[in-house]
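Here's the structure we're looking at; comments come further down.
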Amino acid sequence: MMNTRTVEIWVGIFVAAGLAAIFMLAMRVSNLSAYSSAGGFDVTAVYEDASGLKVRSPVAMAGVTIGRVTQIRFVPLWDVMIKDGKVSAATKAAATSNDKNVETLKRAYVAVVTLHIDGQYDKQIPETSDANIYTAGLLGEKYIGLLAGAVTKCGEDEELLAALDGQKPAGTAKDCVATRYLTQGSLVRKTQGTLILEKLIAQFIDKFSSK
């Protein structure tokens, strides 16, 4: 009798451990694991193809999760450029120089993704950074990887070296444009969407079939 009770207890423990493991795996796959962000700010990225990306997909930098995807919209490129005000006035003027361009922008649809970044990284990530869609792990989870862009030091290093050598610096910090950083409402201009194997194969076949 005692042996039977012991076996039942151990079976119960193994069943409970198995259920806990399944629950943790489900949380991992569905991206419902806890992510705390003190404050934070939203930036926007535009992709021609955002296949596989979903709300709560991670936003990572150097392998560290720094944010989450909070919204994915499928809208005309016209809305991104004109209504949302995500491009410069010069770009708007060039794009709307004739009715044909306007019609093209209204017919071209893109995926507009909103990224919520942890508040501690506000004005820390260069505006020239890349935001590419990658695949992580064996389960094929999509995430956005940020690659830091160049940081302009406005000749500070050159000025310091010239001062140490007793020479007059060739330029000053006013001769260049200081680095701009991602903050609330910024647009990540350098992006790369999802690479789909079927599309790559189709392009490869079309390229050789046209020869």
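Name the single residue, out of those in the stretch 64-79 being of a type in the set (V, I, T) and loosely packed, with under 15 Cβ neighbours inside 10 Å, that is modelled with the lowest pLDDT. Steps first, answer last, please.
We begin by selecting, within the stretch 64-79, every residue of a type in the set (V, I, T); these are 64-66, 69-70, 72, 75.
Subset that is loosely packed, with under 15 Cβ neighbours inside 10 Å: 64-65, 75.
Working: V64: 91, T65: 92, V75: 87.
By that ranking, first place goes to V75.
Just to be sure before I move on: is A136 among the small types (G, A, S) and more than 15 Å from the chain's Cα centre (by Cα) in the structure I sent?
Numbers: among the small types (G, A, S): yes; more than 15 Å from the chain's Cα centre (by Cα): no.
Answer is no for this residue.
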> Inside the stretch 109-134, can you point out the residues that are farther than 15 Å from A45 by Cβ and touching a Phe, Trp or Tyr at 6+ places or on another chain (Cβ under 8 Å)?
Replying inline: Y109, G119, D122, K123, Q124
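Test S57 against the criterion of being modelled with pLDDT under 90 and surrounded by 11 or more Cβ atoms within 10 Å (Cβ to Cβ), and give yes or no. Lay out the reasoning, then the answer.
On the way: modelled with pLDDT under 90: no; surrounded by 11 or more Cβ atoms within 10 Å (Cβ to Cβ): yes.
It is false that S57 is modelled with pLDDT under 90 and surrounded by 11 or more Cβ atoms within 10 Å (Cβ to Cβ).
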>> Residues to consider are T183, T172, T194; find the one that is at pLDDT below 70 and of a type in the set (S, T, N, Q).
In response: T172
>> For a quick check of your reading of the model, give me the residue pairs whose first member lies in the stretch 60-73 and is over 16 Å from T183 (Cα atoms) and outside any loop (DSSP other than H, G, I, E, B), whose second is of a type in the set (K, R) and modelled with pLDDT of 95 or more, with beta-carbon atoms closer than 6 Å and at least 6 apart or on different chains.
In response: none
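The values are calculated or read from the model by the stated rules, or taken from the named source; none is laboratory data. Computed from a prediction, not measured in an experiment: that's the story for all the values here. So basically every Cβ, Gly included, is an ideal-geometry build from the backbone, and we count neighbours across all protein chains shown.
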